[in-house]
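What follows is a single structure, written as structure tokens, with notes after it.
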Amino acid sequence: MKSRVSFIYFDVGGVFLDWVQGFKNAAAKYNISVTEIDVVVKKHWSGVVRGGETDSYMRELASLVRLPEPYPEVADFWTDFHTPLPATHAFATELSKRFRLGIITNAQKNDFHFAMRKRLIPALTWDVVVDSSVVGVVKPEARIYEIAEEKAGVCPEELLFIDDIPEHIEAVKARGWQGVVFDTNDVNGSIAKIKSLLE
């Protein structure tokens, strides 16, 4: 049976960029452990992805890595370390010729801006961007998907979401969307799954 998909939403981290490798890159540069970075990130993450202030987060990171003032924006700092996943970029560009495309991301302030500028996200004209730091709600909360539905303007069964977190995909499937769990460690296999669904 042919899929009824007319609008595809992508997550960013784990789909277009490898944030786990980004942590490893930062740890290697500053000669610290990924665990040390993770402690700081987890302390601040739930606030900053809802649009909270990032200054205290950046100050704590700067202290950890011994970074002198003036400090960059935290989004600028992190996006220097993340690595793009080129196959997914090429795939999204191909899909943009046939489908409307959007982003749903749990992100801190200006993450999307810096990721686009540094080519960590495909250089496309995205039809919709639902950024948690702007809308104040996060995946897998129902409201962020309601916003995405409103902005896409299509029936839930015509929406496809691609995300690396199974809980996020379960949440959209409960709303009648289609969904694919993306495996950052098997990019080509994940793309093949999406192609199979769309064919």
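The values are calculated or read from the model by the stated rules, or taken from the named source; none is laboratory data. From a predicted model like this one, the values you see are computed outputs, not experimental measurements. Backbone-built Cβ (ideal geometry, glycine too); neighbour counts: all protein chains shown.
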Taking only pairs six or more apart or across chains, which ones have beta-carbon atoms under 6 Å, a first residue in region 129-146 that is closer than 14 Å to residue 103 by Cα and assigned by TED's automatic domain parsing to the domain that holds residue 100, and a second residue that is in a loop (DSSP other than H, G, I, E, B) and of a type in the set (Lys, Arg)?
133/109; 145/175
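Name the single residue that is farthest from residue 8 (Cα to Cα) among those in region 138-167 being of a type in the set (A, V, I, L, M, F, W, C) and part of a helix (DSSP H, G or I).
142
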Within region 53-94, can you find the residues that are surrounded by 14 or more Cβ atoms within 10 Å (Cβ to Cβ), in contact (Cβ under 8 Å) with a residue 12 or more places away in the chain and small (Gly, Ala, Ser)?
56, 75, 92
Tell me, please, whether a residue that is on the phi > 0 side of the Ramachandran plot, not assigned by TED's automatic domain parsing to the domain that holds residue 163 and not aliphatic (A, V, I, L, M) can be found in region 8-28.
no
Which condition number in (1) out of contact with any Phe, Trp or Tyr (no Cβ under 6 Å at 6 or more places or on another chain); (2) part of a helix (DSSP H, G or I); (3) crowded, with 18+ Cβ neighbours inside 10 Å; (4) in contact (Cβ under 8 Å) with a residue 24 or more places away in the chain is the one that residue 172 fails?
(1)
Does region 89-98 include one or more residues that are in contact with a helix residue (DSSP H, G or I) (Cβ under 9 Å, 6 or more places away or on another chain), under 17 Å from residue 7 (Cβ atoms) and part of a helix (DSSP H, G or I)?
yes
Output for region 98-119, where each listed residue is farther than 21 Å from residue 51 by Cα and either among the hydroxyl-bearing types (Ser, Thr, Tyr) or touching a residue at least 12 places away in the same chain (Cβ under 8 Å) (or both):
99, 100, 101, 118, 119
